[in-house]
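The structure appears right after this line, and notes come after that.
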Amino acid sequence: MATYIVTGGTGFLGRHTIERLLERDPSAQVHVLVRPASLSKFERLADRWPDRDRVHALVGDLTEPDLGLETAPPAADHVLHLGAVYDLTAGDEQASTNVDGTRAVIGLTDRLGATLHHVSSIAVAGDHRGRFTEDDFDLGQGFPTPYHRTKFEAERLVRRSGGQWRVYRPAAVVGSSVTGEMDKVDGPYYFFPALAALATLPSALPIAVPKLGYTNVVPVDFVAAAIVELMLRPGLDGRTFHLVSPAAQPVREIFAALAEAAHAPTPVADLPRAVAAPLLSPPARLRGVRDVALRRMGIPPVLLDHLTLPTRFTADRTREALQDSGIAVPSFRSYADKLWAYWRDNLDPDRARRDDPAGPLVRRHVVITGASSGIGRAAAIATAAKGATVLLLARRADELDAVVSLIRGAGGSAYAYQCDVTDGEAVDRTVKSILTEHGHVDMLVNNAGRSIRRGLYRSTDRLHDFERTMAVNYFGAVRMVLALLPHMRERRFGHIVDISTAGVQARTPRFAAYVASKSALDAFADVAAAETLSDGITFTTIHMPLVRTPMIAPTGQYNAGPAASPEKAAAMVVRALIEKPKRIDVPVGTLAEFGGIFAPRLKDRALSQMYHAFPDSPAARGEADPVDEPAPQPSSPAPKPTGPIASAARLGRRLTRLVPGAHW
């Protein structure tokens with residue numbers, strides 16, 4: 001029975017190597033050095049490994065003296081040192097892990113009388129130009145980054161130690177050639193989003209790419225299998241093994257294989273390297289501009305500086321040692337599609353923006369406020385019918401539960417959360433519960449609202465009307481946006497629908513409190529949309545017409561004009577969620593807005609006539625309690641207009657669609 005101590009076992013390469021070791025050596029007992037903060041991660045990983053009982057946590061820390069071991073280490077035959085900071089963008093701080101940590105591991109190995117298996121990197125070759133064999137080490141090369149230097153210094157410590165050792169130098173490690181699995185965006189993965197953008201172009205489009213040079217990448221399953229095989233074979237102490245692609249890989253071939261997997265245009269010709277020179281090696285005065293542009297694309301500038309390798313690595317000894325094992329480096333083209341598919345589904349920072357093939361709202365999580373009645377209730381039903389999971393907020397729990405039951409009875413997915421959007425603590429608590437229980441929120445519909453129809457002369461002693469209207473319509477909506485904004489930014493996706501009113505465009509008399517609150521929300525959304533657009537967060541403002549809901553019941557027939565049905569309003573909400581236009585208007589609102597621009601005095605006169613033609617309701621005059629007013633009853637649909645008037649209306653709608661941002 002062999003005993004192994006492994007550092008870096010919870011890392012990407014580490015966990016693949018341990019899994020392979022447990023499979024190849026049925027008697028192995030594996031003790032993994034784990035920091036206290038990573039114990040929970042270790043337990044989750046260990047549950048995936050074969051024969052969990054043979055894997056044990058050894059609590060310690062590479063950066064601490066004597067590895068910070070809390071208990072005496074077990075007697076071991078082999079120490080596999082995988083622990084290191086693998087980061088071209090990191091600075092000198094990684095020396096404490098890569099160099100000092102290696103020194104501590106050597107000390108432990110010596111005390112145990114074990115064989116040290118040190119996982120180094122081809123980075124030890126630094127900027128050496130030309131051939132670099134498995135026997136080569138110090139050829140006077142320079143080190144372009146702290147990472148290169150620390151890997152060299154760590155391997156030098158191993159070579160100068162007096163014990164038994166073997167060194168493994170993998171090339172750039174990418175995901176599994178079998179599953180495509182990768183644990184983070186690193187190395188070539190930084191360029192995948194740019195490739196995804198190219199994939200929006202026709203795949204048959206011929207393109208030319210600069211002839212940049214060569215790189216070397218290998219899949220994690222090959223590296224793990226090769227390390228374990230070479231560890232278990234006798235007689236290999238004091239040797240170094242290159243775990244690399246035997247033939248240098250042109251960057252163009254890597255790009256072409258990934259482009260084919262992404263269904264993006266593939267290169268058909270080379271451009272001279274000079275074409276890419278301003279990007280790869282810009283003059284000092286332009287380097288800052290280039291670096292800013294790269295960072296905006298999510299690409300660390302240092303990565304572009306080391307995109308290609310000046311070194312060619314031989315692997316003759318490694319191939320000889322593995323020749324009867326069946327372990328060999330697969331061609332990149334054979335597994336590029338697996339890398340791309342895994343990245344697209346699990347690592348693409350913009351993956352939340354993609355719609356489900358079954359429908360644009362399928363499996364979307366949509367929060368709707370004021371969902372117990374009216375527009376919110378109808379929108380929840382309609383949105384759930386499109387496949388979304390609707391998360392419904394309102395103050396009245398009984399009515400919310402009724403809506404949830406209705407949706408679930410129809411086969412939809414809905415959850416109720418009692419919440420008053422004017423209460424900051426309640427909003428924070430509710431949003432936290434939603435994210436805990438559902439994982440994420442894709443969209444928010446700010447529908448909760450309060451409307452007061454009362455002329456100014458009857459409001460001179462009722463400032464509280466304005467304050468309570470703002471509390472719901474403006475501050476409540478803003479509170480919801482602010483609560484969800486960090487989460488949406490992290491996912492790089494979110495869509496917010498604000499239910500506004502055509503009264504904002506028309507400035508309807510007797511609705512000063514209501515129109516002012518919705519105008520404030522419109523302005524907030526416009527500013528927020530500009531600030532959040534680069535994070536994939538968008539806004540739609542719906543300028544609703546008068547809708548037949550309980551909110552307009554207190555004024556009944558005193559409202560000007562016919563009211564739309566809640567179902568029609570819900571259809572506008574669904575459209576906003578699917579199409580995500582900047583705004584959705586109705587003809588009367590758009591025409592009123594144009595009137596305010598081109599004929600402001602005439603508009604004032606027209607609205608003054610409306611003000612006198614539709615007086616304050618008895619409720620506004622204090623003659624009746626609003627709750628005693630009967631809610632308007634649904635009427636049968638009016639017949640669709642025909643003739644010249646209908647034709648003119650249709651023409652008007654078509655013309656208005658030409659106005660940017662206006663959607664009828």
note = When (1) touching a residue at least 12 places away in the same chain (Cβ under 8 Å); (2) assigned to a helix (DSSP H, G or I); (3) under 17 Å from Thr540 (Cα atoms) are applied to Ser500, the one that fails is (2)
remark   = Within the range 213-260, the residues that are in a loop (DSSP other than H, G, I, E, B) and crowded, with 21+ Cβ neighbours inside 10 Å are Asn216, Val244, Ser245
inquiry  = What's the number of the only condition in (1) modelled with pLDDT of 95 or more; (2) under 13 Å from Ile5 (Cβ atoms); (3) hydrophobic (A, V, I, L, M, F, W, C) that Leu69 fails to meet?
reply    = (1)
message = Can you find a residue that is on the phi > 0 side of the Ramachandran plot, of a type outside the set (Phe, Trp, Tyr), at pLDDT below 95 and assigned by TED's automatic domain parsing to the domain that holds Asp77 anywhere in the range 179-186?
response = no
key: Test result for Asp345, outside any helix (DSSP H, G or I) and free of Cβ contacts under 8 Å to residues at least 40 places away in the same chain   = no
key: Which numbered condition Pro50 misses (of (1) in a loop (DSSP other than H, G, I, E, B); (2) in contact with a strand residue (DSSP E or B) (Cβ under 7 Å, 6 or more places away or on another chain))   = (2)
query = Residues Arg408, Arg312, Arg377, Arg333: which one is in the same structural domain as Tyr168 (by TED's automatic domain parsing), in a helix (DSSP H, G or I) and either in contact (Cβ under 8 Å) with a residue 12 or more places away in the chain or out of contact with any Phe, Trp or Tyr (no Cβ under 9 Å at 6 or more places or on another chain) (or both)?
reply = Arg333
message = It is to be established whether one or more residues within the range 65-81 are crowded, with 18+ Cβ neighbours inside 10 Å, in contact with a helix residue (DSSP H, G or I) (Cβ under 8 Å, 6 or more places away or on another chain) and assigned to a loop (DSSP other than H, G, I, E, B).
response = yes
request  = Looking only at the range 312-330, decide whether some residue is of a type in the set (S, T, N, Q) and under 24 Å from His128 (Cα atoms).
outcome  = yes
key: Residue ID - farthest from Val217 (Cα to Cα), chosen from residues in the range 261-304 that are among the basic types (Lys, Arg) and surrounded by 12 or more Cβ atoms within 10 Å (Cβ to Cβ)   = Arg287
inquiry  = I'd like the residue in the range 532-561 that is of a type in the set (Gly, Ala, Ser) and in contact with an Asp or Glu (Cβ under 9 Å, 6 or more places away or on another chain) and, out of all such residues, is modelled with the highest pLDDT.
reply    = Gly536
remark   = Only unsatisfied item for Gln29, checking (1) under 30 Å from the mean Cα position of the chain (by Cα); (2) at pLDDT 95 or above, is (1)
request  = Please verify whether the range 353-362 includes one or more residues that are assigned by TED's automatic domain parsing to the domain that holds Ile542 and crowded, with 18+ Cβ neighbours inside 10 Å.
outcome  = yes
key: Filter result for the condition that a residue is at pLDDT 90 or above, of a type in the set (A, V, I, L, M, F, W, C), over 25 Å from Leu198 (Cβ atoms) and assigned by TED's automatic domain parsing to the domain that holds Gly187, over Ala262, Ala321, Ala257   = Ala321
Residues within the range 86-112 that are out of contact with any Asp or Glu (no Cβ under 8 Å at 6 or more places or on another chain), within 16 Å of Leu33 (Cα to Cα) and hydrophobic (A, V, I, L, M, F, W, C), tallied = 3
query = Of all residues in the range 422-464, how many are outside any loop (DSSP other than H, G, I, E, B) and of a type in the set (Asp, Glu)?
reply = 3
note = Residue hits (the range 464-521; more than 30 Å from Arg363 (Cβ to Cβ), modelled with pLDDT of 90 or more and of a type in the set (Phe, Trp, Tyr)) are Tyr474, Phe475
query = Within the range 495-516, restricting attention to residues that are charged (D, E, K, R) and more than 35 Å from the chain's Cα centre (by Cα), which residue is surrounded by the most Cβ atoms within 10 Å (Cβ to Cβ)?
reply = Arg510
task = Within the range 466-489, identify whether any single residue is within 28 Å of Pro193 (Cα to Cα), touching a strand residue (DSSP E or B) at 6+ places or on another chain (Cβ under 8 Å) and outside any helix (DSSP H, G or I), and answer yes or no.
result = no
key: Verdict on Val390 being outside the structural domain of Val173 (by TED's automatic domain parsing) and in contact (Cβ under 8 Å) with a residue 60 or more places away in the chain   = no
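Listed here are the residues, each with its yes/no results for (1) within 23 Å of Val573 (Cβ to Cβ); (2) surrounded by fewer than 15 Cβ atoms within 10 Å (Cβ to Cβ); (3) among the acidic types (Asp, Glu).
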| site | (1), (2), (3) |
| --- | --- |
| Ala414 | yes, no, no |
| Cys419 | yes, no, no |
| Glu425 | no, yes, yes |
| Arg429 | no, yes, no |
| Asn446 | yes, no, no |
| Ser451 | yes, no, no |
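The values are calculated or read from the model by the stated rules, or taken from the named source; none is laboratory data. This is a predicted model, so every value here is computed, not measured. Quick reminder, even Gly has a Cβ in these numbers, built from the backbone with ideal geometry, and neighbours come from all protein chains shown.
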